[in-house]
1. Condition first: touching a residue at least 60 places away in the same chain (Cβ under 8 Å) and closer than 19 Å to B:A15 by Cα. Now tell me which residues in region B:142-171 satisfy that.
2. Can you pull out the residues in region A:177-196 that are more than 8 Å from chain B (Cβ to nearest Cβ) and either open to solvent by less than 10 Å² (accessible area, probe 1.4 Å) or at pLDDT below 90 (or both)?
3. From B:A308, B:A250, B:A331, grab the single residue that is in a helix (DSSP H, G or I) and facing another protein chain (nearest Cβ under 8 Å).
4. Just need a number here: residues in region B:49-80 that are within 28 Å of the chain's Cα centre (by Cα) and more than 9 Å from chain A (Cβ to nearest Cβ).
5. Find the residue count for region B:218-232, including only residues that are closer than 25 Å to B:L151 by Cβ and either part of a strand (DSSP E or B) or more than 7 Å from every other protein chain (Cβ to nearest Cβ) (or both).
6. Would you call B:A91 touching a strand residue (DSSP E or B) at 6+ places or on another chain (Cβ under 8 Å) and either more than 22 Å from B:P337 (Cα to Cα) or in the same structural domain as B:V215 (by TED's automatic domain parsing) (or both)?
7. Taking interchain pairs and intrachain pairs at least six residues apart, which have beta carbon atoms under 7 angstrom, with the first residue in region A:159-187 and closer than 30 Å to A:R70 by Cβ and the second buried (at least 20 other Cβ atoms within 10 Å of the Cβ) and among the hydroxyl-bearing types (S, T, Y)?
8. Quick one: in region A:33-51, of everything that is touching a Lys or Arg at 6+ places or on another chain (Cβ under 8 Å) and facing chain B (nearest Cβ under 10 Å), which residue is modelled with the highest pLDDT?
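The values are calculated or read from the model by the stated rules, or taken from the named source; none is laboratory data. This one's a predicted model, so the numbers in the text were calculated from it and none came from an experiment. Cβ: placed from backbone, ideal geometry, glycine included. Neighbour counts: every protein chain shown. The area values use the complete protein model at the heavy-atom level, side chains included, leaving out ligands, DNA and RNA. Shrake-Rupley method; radii C 1.70, N 1.55, O 1.52, S 1.80 Å.
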Amino acid sequence: MDNRRAILDAIRAALKDPRPQALVPHRERPRPPAPALAKGLDRFREVFAELQGQYAEARSAAEVGAALERLVSTRGLRRVFATDTPRLARMNVRETLRRLGVFCASPYRPDEAGAHPRPADLDALVTGADLVIAESGTLVHVAKPGEGRMTTLTAPLHVVLFTADQVVDTLEEAIARLGPAVASGERSCVTLISGPSRTADIEKQLFIGVHGPGALHALRVG
Amino acid sequence: MDVATHRFRENAAAALADEPLQQALAKALRQAESVAAAAAAERADWEDLRARARAMKEEVIDHLDWYLDQFAAQVEARGGTVHWARTAAEARAIVIGLATARGVRLVVKGKSMASEEIDLNPALEAAGIRPVEGDLGEYIVQLAGQPPSHLTTPAIHLARGQIADLFHRVLGVERNEDPDYLCQVARQTLRGLFREAGMGFTGANFAVAETGTIVLHENEGNIRLAATLPRLHVALLGIEKIVPSLTDLAVVMRLLPRASTGQRLTAYTSWITGPRRPDEDDGPDELHVVLLDNGRTRLLADPVARDALRCIRCGACLNACPVFRMLGGHAYGWILPGPIGSVLTPALLGTDRAADLPFASTLCGACRDACPVRIDIPALLLHLRHLIAELPPAPAADAPGGTPPVPLAPLRGALERFAVAFASRILRSPWLFNLSGRMARAFLWPISRAGWVRWIPPPFNAWTRCRDFPLPARQSFRRWWKENAGAGEASGPDFTE
């Protein structure tokens with residue numbers, strides 16, 4: 001507590017002569033809206049592809065099932081976990097994976113049978129998105145029961161389902177939508193995901209899939 | 001790390017002679033600048049963004065006490081704990097205290113300049129706690145036993161062959177230069193350690209006062225792992241990291257990745273507000289935020305130099321700087337290299353301990369143009385040069401290591417004043433100017449080699465101590481004019497009409 005006072009006092013002393021502005025900040029600074037780039041889904045697809053993400057569309061639960069089936073067979077997936085948010089439930093994601101014989105229990109919580117696979121054993125992971133930002137090709141994920149902070153980092157392949165009404169054009173719009181959940185303290189972690197995990201730490205050359213997924217698929221449903 | 005800021009001249013000479021370093025730098029920096037420029041060009045409102053960021057940081061600095069209070073209150077309202085560290089030593093003690101109280105033996109770390117600033121790793125090791133860097137570049141330099149050499153690309157000075165040798169030697173894996181292989185080795189080795197660790201340690205890029213949120217930009221995913229898997233998360237941040245609100249955050253979130261790596265956004269940006277909520281699946285049970293002063297309030301007390309507190313540590317000025325491009329980061333002797341480092345290092349360590357750094361610039365202004373928050377770095381360097389020339393060296397408050405202050409600073413000032421007066425006398429007289437030119441040519445030609453003067457005997461050796469001097473033409477322009485152009489015309493151009 002003494003340190004707190006010492007630092008704040010040092011700041012006040014440093015700013016005293018002359019205190020450049022009023023003591024209390026002006027809350028009403030002009031904030032011109034940032035001009036939007038190309039709008040909506042088209043922009044998202046374009047940027048997401050530049051980031052080396054894979055984009056696909058599905059109009060129904062059946063088409064989602066077909067898309068997942070293709071992924072499972074072409075990539076030889078054997079253990080896939082899907083979270084259980086309402087959007088995924090509507091698309092019967094878990095049922096599809098069970099039917100394909102690749103669904104495995106949550107690595108985060110022991111399921112009904114007490115099974116608890118190690119996250120490292122997963123081949124792929126299916127989750128929802130909470131928001132999609134078009135201008136930067138970003139999938140927004142809010143930590144919540146059933147979809148923790150770690151979820152989106154676990155498997156080498158991450159499939160994200162979203163709907164068209166979740167797409168906003170700009171970061172500012174995303175912040176306006178997400179702000180309340182952050183400000184109210186309801187959720188502890190919001191993650192903006194813009195492409196697969198990457199590094200350029202060796203000779204400034206780009207490599208994909210360092211700590212997080214090396215493959216990121218966005219599947220628009222509806 | 002050792003503070004070697006006082007050995008800048010020797011270090012610079014060594015860096016220039018280091019062939020692998022020169023190759024690595026050339027390769028790595030060639031593209032960095034153009035990529036960032038292209039990313040900026042995409043935003044038609046780039047200049048507007050810079051202006052807004054500058055105004056926002058100004059607002060924060062002018063009311064830093066108010067915003068820090070608000071931020072701390074919000075963190076605590078969300079279940080986090082806030083610690084205040086006046087010095088690097090206090091910050092180290094806080095972090096180690098948190099770890100030892102919980103029996104932590106292993107700490108996984110996200111890349112953090114603040115951690116380098118307080119020299120945390122040796123202190124952790126001395127306390128019997130093993131720190132492991134999670135960022136690939138930081139992991140590489142940690143294995144190599146070196147400090148990072150760039151704000152955002154810590155292993156920029158190493159070529160892939162050197163990294164392959166290192167992994168082979170230290171980790172005992174097969175020697176393979178394929179960067180994909182090297183990434184996978186690091187991933188496999190680190191995954192296990194993330195699970196075992198009792199503490200995740202990170203810095204923060206920004207801290208949102210209104211919500212008590214810390215913001216972490218990264219591309220690999222290791223920082224989010226460090227902020228999630230261990231049951232204790234400690235975040236260390238300088239008191240200047242504050243932004244007022246989430247709306248303001250949008251401005252700097254756009255600028256930082258573009259200026260730093262040319263990305264629109266980094267692959268992952270995490271906003272962390274307190275520890276895990278009871279109903280959430282994962283995340284730490286405890287979040288501790290350590291706010292670090294360590295010389296920042298001293299910088300704040302200088303109305304000119306405080307401008308440097310706007311810095312968002314993007315590294316754009318490094319990539320743009322002709323001096324950095326030749327030397328790399330290590331020659332600067334401390335964790336903050338390049339143009340902004342030449343401002344911040346003397347401010348944080350004390351001007352007497354880094355008196356050469358403000359002079360390691362051509363004042364070309366490339367850093368000012370590159371800076372996304374429009375810090376006038378050349379003006380700050382000139383300000384520091386002025387301070388160094390005018391003031392007797394002041395003892396540094398809490399500086400790590402221990403180096404003697406530069407002696408004879410007042411004498412140097414007097415000598416400089418004499419030299420300038422002398423030069424001014426010569427420059428005012430055409431006759432003296434002509435004569436001194438002839439003398440210099442007569443003096444330099446015999447000691448030159450292949451058009452360059454590499455060594456001039458003292459006391460005229462200030463330039464050639466760390467630079468080569470181009471040999472002047474054999475003949476002065478005035479002489480040439482007289483002999484060639486002067487023949488058919490009047491005795492010279494008439495500037496007076």
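1. B:Q146, B:P147, B:P148, B:S149, B:H150, B:L151, B:T153, B:I156, B:H157, B:L158, B:A159, B:Q162
2. A:A181
3. It is B:A250.
4. Summing the residues that are within 28 Å of the chain's Cα centre (by Cα) and more than 9 Å from chain A (Cβ to nearest Cβ) in region B:49-80 gives 6.
5. So the answer is 4.
6. Considered against the rule, which asks whether it is touching a strand residue (DSSP E or B) at 6+ places or on another chain (Cβ under 8 Å) and either more than 22 Å from B:P337 (Cα to Cα) or in the same structural domain as B:V215 (by TED's automatic domain parsing) (or both), B:A91 comes out as yes.
7. A:V160/A:T127
8. Among residues in region A:33-51 that are touching a Lys or Arg at 6+ places or on another chain (Cβ under 8 Å) and facing chain B (nearest Cβ under 10 Å), the one modelled with the highest pLDDT is A:V47.
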